[in-house]
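The values are calculated or read from the model by the stated rules, or taken from the named source; none is laboratory data. Values in this document were obtained by computation on a predicted structure and should not be read as measured data. Cβ placement follows ideal geometry from the backbone for every residue including glycine, while neighbour counts extend to all protein chains displayed. Please note that ligands, DNA and RNA were not included when accessible areas were found on the heavy atoms of the full protein model with its side chains. Shrake-Rupley method; radii C 1.70, N 1.55, O 1.52, S 1.80 Å.
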Amino acid sequence: MRKDSLIRFSAVVLALMTAASVVFAVINWQKESQYVTPTDGVWWKEHSGFLEAKGVVPNGPGDKAGIKVGDKLLRVNGLPKDQTIKNQVEFEKHLYRSGVYSRATYLLDRQGVTVEVGNVIPIPADNSLKLGQRLIALIYLGIGLYVLFRRWTAPKSTHFYLFCLISFVLYSFHYTGKLNAFDQTIYWSSIVAWLLQPALFLHFALTFPRPRRLLASHPWTISLAYLPGAALLVMQVVAVSVFEFTESLRWDLDRLQMVYQTVYFAIAAVILWRTYRKASTPLQQQQLKWISRGTVLAIGPYTLFYVIPYIAGVLPTPGMKVSVLSLVFLPVTWGYAIVRYRLMDVDIVFKRGVAYTLATAAIVGAYFVGIGGLAGSITTKYPGTGTFGLIAVIIITALIFEPLKNWIQVRVDRFFYRKRYDYRRTLIEFGRELSSETDLHAMLASVIDRLSRTLLVDRIAIFLATDAEANEFVMEKSFGISYSGSLDLSFLVVERPEQYAGHIFFDNTRKALQESVTARETIAKLNLNYYIPCTVQNRTIAVMGLGKTMSGDFLSSEDVELLETLAGYMGIAIQNARLYASLEQKASEYERLKDFNENIVESISVGVLAVDLEDRIESWNSQMEVMYAMPRSQVLNERLSEVFPAEFMEEFYRVRQNPGIHNLYKFRLHTRAGDVRIANVAIAPLVTRKFNVIGRLIIVDDITERMELESQLSQAEKLSSIGLLAAGVAHEVNTPLAVISSYAQMLTKQINGDAKLGPLLEKITRQTFRASEIVNNLLNFSRTSATEFSAIDLNKIITETLTLLEHQLKTSRVKVQTDLYPGLPLIHGNSGKLQQVFLNLFLNAKDAMAGKGGTLHISTANGDSVQVNISDSGAGIAPEHINKIYDPFFTTKNVPREGQSRGTGLGLSVTYGIIQEHAGKIRVDSQPGQGTTFQLEFPMRKAVNV
């Protein structure tokens, strides 16, 4: 974290320094262009209290006026005798007052003779050297910025940029002589840069490619390289602030600084040359070769042709000024060594330069020869065309020579690059054709095969991202790599500045010090020097890794640029292959899911059909074919009304007007075969994932056989109930018969119209009537009732059922409480089936209270529907059994208690079916030990036609 903060802080400081330097340089150049410095072409220097001419520029204003070397300047422009000019500062003030191109009069002392020179005309000072230095400054800054943005993490790239920035200040800052606050800033900045530049270069030489042993063990010793520059700076400050800053003192300090600069650069060049001779790797040899030779090439001419003559007292000549331009080789060679690292690129640049120079020369020569010849012939034949004719000739010639120029350039490329030209064209065409391969593994194999044969590299690997965010990579294909263990490829995930340059480069795979320990091990095992990302839409989906060539050389920049271009095609091809594989997988899954869904629909035991918004049948499963006796081929695309009877269509149109799912319970469906099927029909809207209705789904559950089975089960339940009632019936019948018999015998003996015997006769009549009623109810229940529905009074059915069970409830000590609503509305139903419902519920309540007795409470109520509540104080129903009580053959009375009969598991199942048939609802509320309550609801409106 501290390292990242330091890097960000350094970046901000460098940015501010760069911005300030550029702004100051521009302002300095503007001020200098506005402020003209006059000069008389004479180098005046303080000597024995006078200014003595130490040099005269040939053909300069002083030379033309007759000033000689050795002349002493006494006064200018008629100054009084007591105002003799004694230093350079006073002289420049008078010269500035005179101005440029104004006549000045000098009073000179020439070997003891006073001479007046009256035709000295100052001219603007020659700033050509400053222009050259500013050009060098721009080159320094441009190369420094290029290196910093291209490879700022490369070794010594920041050091190089700082050196370039200081050099930019040195060569672009020139004080004008006004010596105001801004001019003072420019002056001292230039002095500091002059003293700092050699120290930075020597610092680089001592630490590249790694610090010397002394510096490695004692890093502080590098500060000693900056001490001479600091001492010179102190001397400069003292000379300006303490002593009189004369021209002699200035010249001595300048010569001392030039000696310091030359010695430092010479020492640095010797150190770099020795380091180059001892370099252990080819990469370091290539780097140091260019850096050391570039240093000699830059410093040699400048030292020989400018520094040494200037120290000897020679005024700068045009030749000396030209030698300053050799300093540009220093940033060029240094920047090239840092960014490229490769010698082969120089050969490419040279060959390409020669090729295009020759091609351009040939084309230009032929171009102007053609223009001249064609223009001459046209002007000869058509002399009146004039300028317009010449313009037309130029346009025609340009159109003719454009394809010729392209043809020549292609032939030149083929001549110079032959094999390289062929493989470049082949690789580009191969990259464009990659997208046609949809098999990812086959495509990667062809890429590795083509690269290995074309570039002749010894190792190639392709790493694929395992997720969309490229947080992890795996090695998918490789060539020349035998290692197959676990790999830490995290260095491919970390965002680094090199990736913005198009690739990651490791010059020495054994010394990737900036990576983690496991990542360094992986880089060393793979031994790949280049990692080129394959990106699509700013997202890395793969990385292509390559090693050196078979001959042990690094790839050239042309090779890397070609690979970066190919990586773009590869990224698109990999993405297409993955998308195709994903699409193929999804299509397979869709087909499998479609088959699975169709199998479900075909295998389901209910009929399923789908209709569109125009009521045309789109789907018709096999169960519908069996149930409705019509094959699929006859009903598909037919209207629903042409297949189903009018009764069904009437109900279909009725429910279709309302949203949601609608049920037709126990609907009588007339088929084409002439039979009648009883079915539960569900009609639901057919919607898409976006909930758009596209039709109707009709599910037909044929319950004809189940209805017959339910009828049989209902009858069996009745017979079972009759068996349970047999004992009570026998007792109820035998008791009144015994009473009748007893009193009949008494009547036979005693009746004589005696008033006392009258009540006895009434008792006989009442008991006989009761026995008859019981027997009749029992017989009515045992009969199979019809399915016709009529108006039913639920209170009456409840009362009749309680009468039927009166004896059993008494013997079980069950107390019956009724709260029947007197004005209860009639419902539409079947009395026999409803009596069976209440009989089952009352018997279950009795069994729940068996052995202990209890209370059975029955109530009816009127509201939105007719409601019946049946509550008992029995043992209740266990929570795990609540959801199973309506299942057929489920019973908890497998081992009946005292007073409880064995259950069949059909009572509540039949009850549920009967209530559903009456369009009613049944709910249960029960807690163990607190009894059970059944709530029944029956609609007062007309039920579904059955």
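Take the Cα of Ser622, step 7 Å toward its Cβ, do the same at Phe596, and the gap between the two points is 2.0 nm. A 1.4 Å probe over all protein chains sorts Val192, Val307 by accessible area into Val192, Val307, starting with the largest. Note on Arg672 and Ala587: the model spin-label points, each 7 Å out from Cα along the C-beta direction, lie 3.7 nm apart.
Measuring r between the beta carbons of Ser482 and Glu614 and using R0 = 60 Å, the FRET efficiency lands at 0.30. The stretch between Ser605 and Asn637 holds 9.2 nm of extra length on full extension. This uses 0.36 nm per residue minus the Cα-Cα distance.
For region 794-858, count all C-alpha to C-alpha pairs, find those more than 18 Å apart, and express that count as a whole percent of the total.
Counting pairs separated by more than 18 Å, the tail of P(r) holds 36 percent.
Quick one: accessible surface of Trp29, probe radius 1.4 Å, all protein chains present, in square angstrom to the nearest 10. The value for Trp29 is about 130 Å². Full extension of the chain between Thr688 and Asp864 yields a length gain of 59.7 nm, computed as 0.36 nm times the residue separation minus the alpha carbon distance. For region 152-241, the relative contact order works out to 27 percent when only alpha carbon pairs closer than 8 Å and six or more residues apart are counted. Grab the beta carbon distance between Asp449 and Lys278, set R0 = 56 Å, and tell me the FRET efficiency rounded to 0.05. In this case the efficiency is close to 0.85. Exposure check, 1.4 Å probe, all protein chains in place: Met630 carries approximately 10 Å² of accessible surface.
Please give the FRET efficiency for Leu826 paired with Thr466, using the beta carbon to beta carbon distance and R0 = 51 Å, rounded to the nearest 0.05. For R0 = 51 Å, the calculated efficiency reads 0.10. Label-to-label distance for Ser217 and His47 is 5.4 nm, based on points extended 7 Å past Cα in the beta-carbon direction. Per-residue SASA remark: Ser790, around 60 Å² accessible (1.4 Å probe; ligands, DNA and RNA not included).
Sorting Asp254, Asp887 by accessible area puts them as Asp887, Asp254; the probe is 1.4 Å, largest comes first, and only protein heavy atoms count.
For region 440-581, the square roots a ≥ b ≥ c of the C-alpha gyration tensor eigenvalues yield an a/c under 1.5, which makes the shape rounded. Residues Arg453, Arg632, ordered by accessible area of protein heavy atoms at a 1.4 angstrom probe radius and largest first, appear as Arg453, Arg632.
Rounded to two decimals, the Cα-based Rg/Rh of region 18-70, with Kirkwood Rh, is 1.25. Multiplying the residue separation of Asn180 and Arg110 by 0.36 nm and subtracting their alpha-carbon distance yields 21.6 nm. Among the listed pairs Lys31/Lys93; Lys796/Lys921; Lys31/Lys86; Lys72/Lys93; Lys289/Lys525, which are separated by more than 22 Å between their Cα atoms? Result: Lys31/Lys86; Lys289/Lys525 exceed 22 Å.
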